[in-house]
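Student: Here you go, one structure.
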Amino acid sequence: DVKVTQSSRYLVKRTGEKVFLECVQDMDHENMFWYRQDPGLGLRLIYFSYDVKMKEKGDIPEGYSVSREKKERFSLILESASTNQTSMYLCASTLGRMTGYQETQYFGPGTRLLVL
Amino acid sequence: AQSVSQHNHHVILSEAASLELGCNYSYGGTVNLFWYVQYPGQHLQLLLKYFSGDPLVKGIKGFEAEFIKSKFSFNLRKPSVQWSDTAEYFCAVNWRGSTSGTYKYIFGTGTRLKVLA
């Protein structure tokens, strides 16, 4: 079974702090994704990566950056946290870039971030 | 912008009732369709998916979905729900993007289902 893990289940930060959310997958997947999940808005894609050091913006990249230095790890960075970034953050992965459009996404447990 | 609509935000049913959750999308090209489920306290996981072939797709736990291309719909059904089906259900659509090797993956806003014992 694919396992996607996220570094924290719950996180409380203060406005202006730099926040790192880590995601690791153990199945050698090429594609990794960061979403935020908000009530009534569903899942919205922040960034995705289809290879090491490669990234592409999703629908709501403002205020976020990402890093993928190793294939198994995809980090989401909030450069200066703001209260409107309080949300549930989900990481996901899929097997391969060229077949990725037909593939199931495997999700981590999520990180619930509260920015005060 | 392309979108995926789930018109039912909250659904409450009694056990043994039949379920149908609506999903409509706006992209006019070839799509792949998914339903994901998130049980309380658990990860989002795949319920079923459609790529091609028979438009009636069967998934886990007795769920099925029908792709109706002319209606841009992919509704989820279950003939008789159980208390354990209480969860949030997300429809998702994806397609190959215009840039080689990229694709779009869009989720609906979700439907919270509560099944009363």
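Student: Can you tell me which residue is modelled with the highest pLDDT among those in the range A:25-66 that are of a type in the set (G, A, S) and over 12 Å from the mean Cα position of the chain (by Cα)? Give the steps one after another, and end with the answer.
Tutor: The initial filter retains those residues of the range A:25-66 that are of a type in the set (G, A, S), namely A:40, A:42, A:49, A:58, A:63, A:65.
Of the ones still in play, those that are also over 12 Å from the mean Cα position of the chain (by Cα) are A:40, A:42, A:63.
On the way: A:G40: 85, A:G42: 88, A:G63: 96.
The extreme case among them is A:G63.
Student: I'd like the full set of residues that are in a loop (DSSP other than H, G, I, E, B) and open to solvent by 60 Å² or more (accessible area, probe 1.4 Å), limited to the range B:9-26.
Tutor: B:H9, B:E15, B:A16, B:S18, listed by residue number.
Student: Then there's this: Could you tell me whether the range B:96-106 includes any residue that is assigned to a strand (DSSP E or B), more than 13 Å from chain A (Cβ to nearest Cβ) and either modelled with pLDDT of 95 or more or surrounded by 21 or more Cβ atoms within 10 Å (Cβ to Cβ) (or both)? Talk me through it step by step, then tell me what you get.
Tutor: Looking only at the range B:96-106, we keep the residues that are assigned to a strand (DSSP E or B), and these are B:96, B:103-106.
Imposing the further condition that a residue be more than 13 Å from chain A (Cβ to nearest Cβ) reduces the set to none.
Within the range B:96-106, not a single residue is assigned to a strand (DSSP E or B), more than 13 Å from chain A (Cβ to nearest Cβ) and either modelled with pLDDT of 95 or more or surrounded by 21 or more Cβ atoms within 10 Å (Cβ to Cβ) (or both).
Student: If you don't mind, there's one more thing I want to ask. For A:R112, are the conditions met, namely being over 24 Å from A:V12 (Cβ atoms) and modelled with pLDDT of 90 or more? Explain how you work it out, then say what you get.
Tutor: Values: over 24 Å from A:V12 (Cβ atoms): no; modelled with pLDDT of 90 or more: yes.
It is false that A:R112 is over 24 Å from A:V12 (Cβ atoms) and modelled with pLDDT of 90 or more.
Student: Name the single residue that is most open to solvent (accessible area, probe 1.4 Å) among those in the range B:36-68 being within 10 Å of the chain's Cα centre (by Cα) and within 20 Å of A:P109 (Cβ to Cβ).
Tutor: If we take residues in the range B:36-68 being within 10 Å of the chain's Cα centre (by Cα) and within 20 Å of A:P109 (Cβ to Cβ), then B:L46 is most open to solvent (accessible area, probe 1.4 Å).
Student: Next up: Among (1) open to solvent by 20 Å² or more (accessible area, probe 1.4 Å); (2) part of a strand (DSSP E or B), where does B:T109 come up short?
Tutor: Exception for B:T109: condition (2).
Conditions (1) facing chain B (nearest Cβ under 9 Å); (2) out of contact with any Asp or Glu (no Cβ under 8 Å at 6 or more places or on another chain); (3) in contact (Cβ under 8 Å) with a residue 12 or more places away in the chain, marked per residue:
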| residue | (1), (2), (3) |
| --- | --- |
| A:W34 | no, yes, yes |
| A:P39 | yes, yes, no |
| A:F48 | yes, no, yes |
| A:I60 | no, yes, yes |
| A:S65 | no, no, yes |
| A:A81 | no, no, yes |
| A:L90 | yes, yes, yes |
| A:L116 | no, yes, yes |
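Student: Which residues, taken from the range B:69-85, are open to solvent by 30 Å² or more (accessible area, probe 1.4 Å) and part of a loop (DSSP other than H, G, I, E, B)?
Tutor: B:F72, B:P79, B:S80, B:Q82
Student: Which of the residues belonging to the range B:37-95 are within 14 Å of another protein chain (Cβ to nearest Cβ), of a type in the set (V, I, T) and in contact (Cβ under 8 Å) with a residue 40 or more places away in the chain?
Tutor: Within the range B:37-95, B:V37, B:V93 qualify.
The values are calculated or read from the model by the stated rules, or taken from the named source; none is laboratory data. Note that the coordinates shown come from a computational prediction; the quantities given were computed from them, not determined experimentally. So basically every Cβ, Gly included, is an ideal-geometry build from the backbone, and we count neighbours across all protein chains shown. The area values use the complete protein model at the heavy-atom level, side chains included, leaving out ligands, DNA and RNA. Shrake-Rupley method; radii C 1.70, N 1.55, O 1.52, S 1.80 Å.
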